[in-house]
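Every read-out reported here was derived from the displayed coordinates using simple, explicitly stated rules and does not represent laboratory data. Only a predicted model underlies this, so the values are computations on that prediction, with no experimental measurement involved. A quick note on method: Cβ atoms are made from the backbone with ideal geometry, for glycine too, and the neighbour counts reach across all protein chains shown.
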Amino acid sequence: MIKKFIFGKPFETDATVLQIAKENQFVQNEAVEELKAQNCEVLCSESGFSFECKLKEETIVYGLGQAMGNINKRGRTYTSYCSDDPSHTENKESLYGAHNFIIIYNPSDINSSKGFFFDYPTRITFDIGYTKIDKLKVSCKTSDIAIFEILPELNSSIKNDNPLKNIVTQFRNLIGQSYIAPRWALGFMQSRWGYRTEQDIRTVYESYKKAGIPLDSICLDIDYMKDYKDFTVDSERFSDLKKFSDELKADGVRLVPIIDAGVKIEDGYDVYEEGVKNDFFCKKQDGKNFVAGVWPGRTHFPDFMKQESREWFGQKYKILTDMGIEGFWNDMNEPAIFYSDEGLEEVIKRIKAVDTSNLDINSFFSFKDIVLAVSNSQDDYNRFYHEVTQDGKTYKVKHNDIHNLYGYNMTRSAGEELAKIRDGKRTLLFSRSSYIGMHRYGGIWTGDNCSWWEHLALEIRMMPSLNMCGFLYTGADIGGFGCNVSRDLLLRWLAFGVFTPLMRNHSAIGTRDQECYQFENSEDFKSVVNVRYRLLPYLYSEYIKASVKNEMYFKPLSFEYPTDSRCLEINDQLILGNEIMIAPVYTQNAKGRMVYLPQDMILVRFMPDGKIIQEKISAGDHYIEVPLNEVVMFVKLGCVVPVTKPALNSDKLDYDNLTLVGDIASEASYSLYFDDGYTTKIDLDRNIKILGK
Ligand code: MIG
């Protein structure tokens, strides 16, 4: 059951798609009372809003999607405020996304579990037993907010057998079905900020081929554009993108260009001129278009809150789809701002004011901060406005008041228009910034991580939380974006990436070359990436089922074994789909790791020579050796998983001749979803092949 609590005049974020029945809606005082009856205290005032409830010692809090911390979010503070911050250290409270969904879970009373979604368009803070160990406090600046409460409904048509899965499925019904990527987008992608020319891309394509390592796509980062202008191609570096993309596609490799939020200000540039002429850009209070310095220098931001702007910008992707492009990634859409004219002016003024003084310890540090504060500043987010139409009225809203919706609406713009442009065919689309609701239009990558073992561990923990919030097509920059990767880190990260729907090796300019073929014994990389392709029919099938049925693709172990006390604390093993458990190695110089099995399982080991070794392992703790060039997974008893032979890309895979691994002795069967990889008409009932028995 879902209840909706309405305080003040909530901004319509379009996060949800279900109407809540009148009798389950509570407004203002009624809402306060209804929540009080459940021991939640709400305070609405001029100075802000807060929601508090007590946490028992045993209470676990799940959710929050893209965030630091463990799968259990307790003991920290998190702030949803989409931030372009590439340094994801332990202490960070905000990353690129804003995913305000939590589940409160009491293991000794599992039916008392509840989910809460705080639908609020800008900064909101979750203090989860941090300030006070037994209190959850959610607070934000204004008292205009909608809160959805999800209570488990165990006798409903949602046949999830436990309250945790049931709450997630109800929540996902509320927010609508997740975006579904084309099948090739589940192939391995290579990317790097620094590929400049057709020749650079050709080298990547040829080197993968030569090394025999499968590859489905190569990303084009900002250097394919002419002077970083969206929807342009630098013809000196890519003389004929259509011809090039057709040539690679004929061999099963696709190109995936980046699109940035800011539109370069330049006379004669059609996107800029059309945007100015039609009032498609964000404006300042004085009605002039807001100017933000980003990659191309001075830019305007499309006003993605305005439907006309969304339609216009989204149709621009056709320029690239006409060149054979079938996938995109949307970047810098928090939006990232290097500087604004006003911000720069102020900084220079402030610097001038201090430059003759004798800087002491305090003034010196504030002097240093003056320059740093010019990027992504609150002041800038307060300087521009959106034109919004709600309830038939059109009015202006300050950007900062709806900050978390910008990246969402950029990707919505692309998603809605690409659906028209490529009628009946799926397009790959993933975004950096996001809000719940955007999961209907595209996936996300988790932004600028580093080549740190800790960031591999972080990704493992983040995946199930993202799935709760509807983001299924997701993954991190494999190998790490910033810093220099080591060979073993890349291999271990790939071995986890084998299982994430978005599997992309991406790195920053200036870091060590990170393509798989750059390292000694590239056969080891081939063995690992091959496993992705061997499992692709299965992974694709589980991904589609999870999307269509509003379920999780990755689950914490506790969601499958909610009363196993060991499972409640496991942050480094995941359940994938319905059949398997994975336990990635994420520490350096480890030859393997301890794995906890909540039940008997079949260990399936993919060997470098292509053999698959299987062994039954009993419930409990085991040290499992995992050489760098092998991939292991655990199949539940009573389950089987289809595998195929590896191929150089997903177009070349044999989807017909599948063999089964796992509990083959049990005569178990597997329901495989299959289709052409593109269709938007997904029919789980018709497109299922039963394998086994
Ligand atoms: O300011 O396009 O997160 O993936 O390679 C950096 C260059 C801009 C940030 C993205 C990253 C991408 C990079 N971009």
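The alpha-carbon of residue 349 sits under 22 angstrom from the alpha-carbons of these lysines, leaving out residues fewer than 8 places away in its chain: 284, 368.
Per the Cauchy relation, a quarter of the hull surface: what is the mean projected area of the convex hull of the alpha carbons in the chain, in nm²? Show your work: numbers first, answer last.
Details: hull surface 125.2 nm².
Approximately 31.3 nm², given one-decimal rounding.
May I ask which of 611/645; 209/249; 555/616; 209/425; 249/545; 526/636 have a Cα-Cα span longer than 18 Å here? Write out the running numbers ahead of the final one.
Details: 611/645 11 Å; 209/249 14 Å; 555/616 23 Å; 209/425 28 Å; 249/545 27 Å; 526/636 27 Å.
Too far apart for the 18 Å limit: 555/616; 209/425; 249/545; 526/636.
Look at 17, 498, 61, 168 and count the other Cβ atoms within 10 Å of each Cβ; fewest to most, that gives 17, 61, 498, 168.
What does the charge count near residue 425 come to, summing +1 for each Lys or Arg and -1 for each Asp or Glu among other residues with Cβ under 10 Å from its Cβ? Charge balance near residue 425 sits at -1.
Assign unit charges at the C-beta atoms only (+1 for Lys and Arg, -1 for Asp and Glu), then state the dipole size of the range 532-590 relative to its Cα centre in Debye, rounded to the nearest 20. Walk me through the numbers on the way to the answer.
Working: 6 positive and 7 negative charges, 52 e Å.
Dipole magnitude for the range 532-590 comes out near 240 debye.
For residue 591, a cut-off of 20 angstrom between C-alpha atoms picks up these aspartates and glutamates, skipping any fewer than 8 places away in its own chain: 454, 488, 520, 523, 524, 572, 609, 615, 621, 625, 630. Where both bridge residues fall in the chain, DSSP classifies roughly 75% of the beta bridges as antiparallel.
Over all other residues within a Cβ to Cβ distance under 10 Å of residue 136, the charged ones net out to +3, with Lys and Arg as +1 and Asp and Glu as -1.
Among 607, 332, 323, 463, sorting on how many other beta-carbon atoms sit within 10 Å of each Cβ, with the fewest leading, yields 607, 323, 332, 463.
Taking other C-beta atoms within 10 angstrom as a stand-in for reagent exposure, 329, 295 fall in the order 295, 329, fewest first.
Between the amide H of residue 299 and those of 265, 292, 293, 294, distances stay under 5 Å, these residues lying 5 or more places away or on another chain, with hydrogens modeled in the peptide plane.
Between residue 23 and residue 132, how high is the FRET efficiency from 1/(1 + (r/R0)^6) when r is the Cβ-Cβ distance and R₀ = 45 Å? Nearest 0.05.
Details: r = 34 Å, r/R0 = 0.76.
Efficiency for this residue pair is about 0.85.
With contacts taken as Cα pairs under 8 Å and at least 6 residues apart, the chain reaches a relative contact order of 14 percent.
Run through the DSSP bridge list for the range 119-264 and note the antiparallel percent, rounded to the nearest 5.
Numbers: 6 of 12 bridges.
If we restrict to bridges inside the range 119-264, about 50 percent are antiparallel.
In plain terms, the C-alpha convex hull of the range 631-693 casts an average shadow of 5.3 nm² when viewed from every direction. What's the center-to-center distance, using Cα atoms, between the range 285-357 and the range 173-196 in Å? If you average the Cα positions of each part, the centres end up 24 Å apart.
Straight Cα distances below 14 angstrom link residue 242 to the aspartates and glutamates 198, 234, 322, 326, with same-chain residues fewer than 8 positions distant left out. Hand me the GluC sites (Glu not before Pro) from the range 1-54 located in a DSSP loop with no more than 12 other Cβ atoms within 10 Å, in residue order please. When the GluC sites (Glu not before Pro) of the range 1-54 are filtered for loop state and at most 12 Cβ neighbours within 10 Å, 46 remain.
Suppose every K and R has +1 on its Cβ and every D and E has -1 on its Cβ; what is the size of the dipole of the range 473-630 about the Cα centre, in Debye to the nearest 20? It would help to have the intermediate numbers written out before the result.
On the way: 16 positive and 20 negative charges, 50 e Å.
Value, rounded to 20: 240 debye.
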